[in-house]
Amino acid sequence: MESKTSILVIYTGGTIGMINDLETGMLLPYDFELISKHIPEINNFDYDIDSYSFDPPIDSSNMKPDLCVKLATVIEDNYENYDGFVVLHGSDTMAFTASALSFMLENLNKPVIFTGSQLPIGIIRTDGKENFITSIEIAAAKDNDLPIVPEVCIYFENQLYRANRTHKYNAVNFKAFSSLNYPVLAEAGVYIKYNKTAIHKPNFKKLLVHKIFDTNIAILKLFPGIQENTVNSILNIKGLRAVILETYGSGNAPTDQWFIEALSEAIKKGIIIVNVTQCKGGAVELGKYQTSLDLNKIGIISGHDITSESAIVKTMLLLGSNFSEQKLRKLLEISIRGEITL
Ligand code: ASP
């Protein structure tokens with residue numbers, strides 16, 4: 001007899017499972033029972049659905065690398081026993097955690113679908129119900145007995161995205177995420193239409209889980225008027241190993257001598273600097289304008305069209321892997337999980 005499709009729901013917290021505190025009125029995470037009580041429909045699926053809850057569940061603003069490790073470990077420990085995973089997570093840092101998981105889970109051959117909501121599950125107009133139910137459907141979807149989406153994704157408001165391409169761009173719309181540099185992987189209407197050419201194919205290799213983050217990194221976001229001592233204090237942080245330099249447009253930056261010299265000195269000291277555009281669509285093209293030529297010359301790495309969220313977690317995990325500087329620089333320039341278009 002064929003066994004039933006099985007899904008593990010991992011509840012980390014987030015608005016989907018929050019309730020208003022009676023005294024203060026503030027939204028606080030509540031347990032998974034609340035969610036299952038409000039979505040009895042999940043019992044109607046012909047799948048075996050189990051759950052695992054973070055204790056305590058968190059607002060995703062409290063997400064940290066060690067909790068990403070915990071999440072990846074739950075998936076690793078249960079990998080052989082389930083066909084797919086649904087992760088309920090707050091939307092605030094979902095793009096970071098889901099991107100991190102995409103890098104942590106090498107050779108992932110099963111769906112890991114992150115979702116959540118903008119309104120708690122107990123509110124009549126909640127978006128959580130559809131998000132959760134469709135995520136289960138997607139995590140369970142198979143074609144010729146193979147999972148249709150064997151990668152880490154975010155499902156929100158009818159759209160399925162590659163996780164490491166996403167950015168939370170709206171705090172109040174039900175459509176909270178964008179993926180401007182990579183097509184939507186599926187659209188849910190009456191049918192769920194999969195964009196199969198855009199989705200990773202399974203590679204049938206053994207899952208490898210990378211768990212070491214080196215958090216000695218910083219973001220340096222440019223703005224007109226940024227001061228020399230601001231730049232210098234960031235570049236001279238004790239123990240700093242890498243900087244995500246958020247530049248303008250197609251990777252442009254001021255041409256002031258003090259600025260280029262400060263970056264160049266940092267690179268000579270072995271600090272990795274990755275150029276990521278502040279734009280949510282389009283890519284860094286070093287040398288397109290004169291204002292990016294020097295960055296290229298001094299050895300800044302082009303992040304191409306990577307999101308800042310992905311660049312941060314990818315860099316932390318690669319630093320944690322103890323690669324040589326040369327190998328690290330190479331891996332940052334290329335796509336390792338579909339996070340960059342080349
Ligand atoms: N603050 C909440 C969180 O990220 C927001 C949400 O869930 O959408 O946990």
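FYI, it's all coordinate maths here, none of it is from the lab. Remember, it's a predicted structure, so these values are computed and weren't measured experimentally. We place every Cβ from the backbone using ideal geometry, glycine too, and count neighbours over all the protein chains shown.
Take the chain, connect every pair of alpha-carbon atoms lying under 10 Å apart with a spring to form a Gaussian network, then pick out the residue of VAL209, VAL184, VAL231 with the largest mean-square fluctuation. Answer for the Gaussian network model of the chain: VAL231. Applying 0.36 nm per residue to the separation of LEU342 and SER233 and subtracting their alpha-carbon distance, the gain on full extension is 35.9 nm.
Please give the FRET efficiency for LYS268 paired with VAL172, using the beta carbon to beta carbon distance and R0 = 51 Å, rounded to the nearest 0.05.
Working: r = 45 Å, r/R0 = 0.89.
Efficiency computed from Cβ-Cβ geometry: 0.65.
The angle between the Cα long axis of helix 128-140 and the main principal axis of the chain comes to about 90°, on a 0 to 90 degree scale.
For GLU80 and LYS205 in the same chain, what is the full-extension length gain: residue separation times 0.36 nm, less their Cα-Cα distance, in nm? Can you show the working numbers first?
Numbers: separation 125, 0.36 × 125 = 45.00 nm, distance 1.30 nm.
Taking GLU80 through LYS205 to full extension adds about 43.7 nm, to one decimal.
With Cα atoms as the point set, the stretch 201-342 shows a radius of gyration and Dmax of 15.1, 51 Å.
From helices alone, the chain scores -8500 deg cm²/dmol at 222 nm; the rule is -39500 (n - 2.57) for each run of n ≥ 4 DSSP H residues, then divide by the residue total.
Looking at the stretch 111-236 from every direction and averaging, what is the projected area of its Cα convex hull in nm²?
Working: hull surface 47.4 nm².
Hull-based average projected area comes out at 11.8 nm².
So in the chain, what percent of DSSP beta bridges are antiparallel if you round to the nearest 5? Roughly 35 percent of the beta bridges in the chain run antiparallel, per DSSP.
For GLY90, what is the net charge nearby, where nearby means another residue's Cβ is under 12 Å from its Cβ and Lys, Arg count +1, Asp, Glu -1?
Working: positive: LYS168; negative: ASP59, ASP92.
Overall, the nearby charge balance is -1.
Hey, if you drop one equal point scatterer on each alpha-carbon of the chain and run the Debye formula without solvent, what base-10 log of I(q)/I(0) do you get at q = 0.10 Å⁻¹? Taken in order of the listed q values, log10 I(q)/I(0) reads -0.61.
The local environment of VAL231, defined by Cβ-Cβ distances under 13 Å, has a net charge of -4 under the rule Lys, Arg +1 and Asp, Glu -1.
If r is the Cβ-Cβ distance from SER61 to ASP31 and R0 is 25 Å, what FRET efficiency results, to the nearest 0.05? Provide the component values of the computation, followed by the final result.
Values: r = 19 Å, r/R0 = 0.76.
Efficiency for this residue pair is about 0.85.
Would you kindly state how much longer the chain becomes between LEU222 and SER321 on full extension, computed as 0.36 nm times their sequence separation minus their alpha carbon distance, in nm to one decimal? Intermediate results must be reported in sequence, preceding the final value.
Numbers: separation 99, 0.36 × 99 = 35.64 nm, distance 2.87 nm.
Result: 32.8 nm gained on full extension.
Helix 65-78 and the long axis of the chain differ in direction by around 40°, with both axes built from C-alpha atoms.
Can you tell me the mean projection area, over all orientations, of the convex hull of the stretch 70-157's alpha carbons? Units nm², please.
On the way: hull surface 23.7 nm².
Orientation-averaged projected area of the Cα hull: 5.9 nm².
Relative protection proxy for 68-80, 84-96, from highest mean packing down: 84-96, 68-80 (other beta-carbon atoms within 10 angstrom).
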